[in-house]
Amino acid sequence: MQLIKGWKVSTFQSLLSESLLRHSKINTSYKMEVVILKRIILTTESCSDLSKEILEEHNIPSVPFSLNFPDKTVDDGQIPVQEIYDFYRDTKEIPKTNAITPYKYTEFFDGIAKKNPNAEIIHIGYSSACSCSFQNATIGVRECKKAKVHLVDSLNVSGGLGSLALKAWEVIQENPQDSAAELVRKIQLYVAKIRMSFIPDTMEYLLAGGRVSNAAALTATVLRLKPRIDIVEGKLIATKKYRGSMQKIVSRFVEDFMEGKNFDLKKVHAFYSQGTDPLVMERLKSQLIEHGFKEIVIGTLGCVMTVHGGPGVVGLSAIEL
């Protein structure tokens, strides 16, 4: 095939893929050709807490964590979050969360490669400082027979992981001629720029999971204290305490999140768990709009992150310039 002088093969492939994508909106017979020609596939994990709609809109496949109940093991998102609340109500215990296994990663990546044989995969993973999943991903990639995978350690969780995944999507769209390795280098520049904080409304689930002591949980309950938990160097660190109801403290939470930071105001992620008072989220959104954010991406915690935080969690994630 003769190419126009001065054009790279990657340029031609990118334009051809875009052309097929346009046609695919009219004729579905082009869809398989689009998949085959796609050069970069971006993937992430269920603990990014990006909605199914957002993942589908951006064509980001997601591999799930899982949970162990006494009588079954389920994937993140396979059951309603209410089942976790019901289980805790009846037993005062929480299900155990499982890291993604190397075998599951291998199946996930090779499955994508089988459908997209010419593509390379850029995977945005859960913080290596909080879980062994990223290490398992590294092992899983070594066992892949078909997939060529580039791993990015987000050093973040939940909304922070989701923020990096969507920023990675933007980087890929804005740099269609870059190699996968070049894209990864650009994506990694944002890892240290993401700020993520959240506040649990109750200490009960942290206590049940062994993440706080009985004394700390009792003190927080009696004094109506709620810890703010930040991601610091990939780890979850309690940095501040608020006193009062979520409705009263959410404004202070936003102010503290913004203080001393120069955020990219194009987008902010606000996330919450099932059971959060809608008035709290409305107040949170109003505050973010007042601070100048143009787009607010709302996310609901999935099963795994809900196990850790319980009902009523509220959190924020944004990227510094």
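Just so it is clear, none of the values below were taken in a lab; they were calculated from the coordinates. Please read all numbers here as calculations on a predicted model, not as lab measurements. Every residue, glycine as well, gets a Cβ built from its backbone with ideal geometry; the counts of neighbours run over all protein chains shown.
Worth pointing out:
- Distances between placed amide hydrogens fall under 5 Å for Val313 paired with Asp201, Ser273, all partners being 5 or more residues away or on another chain.
- Counted residue by residue at 0.36 nm each, then reduced by the alpha carbon distance between them, the extension gain from Asp277 to Ile289 reaches 2.4 nm.
- For a straight C-alpha distance cut-off of 27 angstrom, the lysines reachable from Lys294 (same-chain residues fewer than eight places away being disregarded) are Lys52, Lys167, Lys186, Lys193, Lys248, Lys261, Lys266, Lys267, Lys285.
- For the pair Glu56 and Lys241, a Förster radius of 41 Å applied to the C-beta separation gives a FRET efficiency near 0.60, rounded to the nearest 0.05.
- Orientation-averaged projected area, Cα convex hull of the stretch 193-319 (nm²): 7.3 nm²
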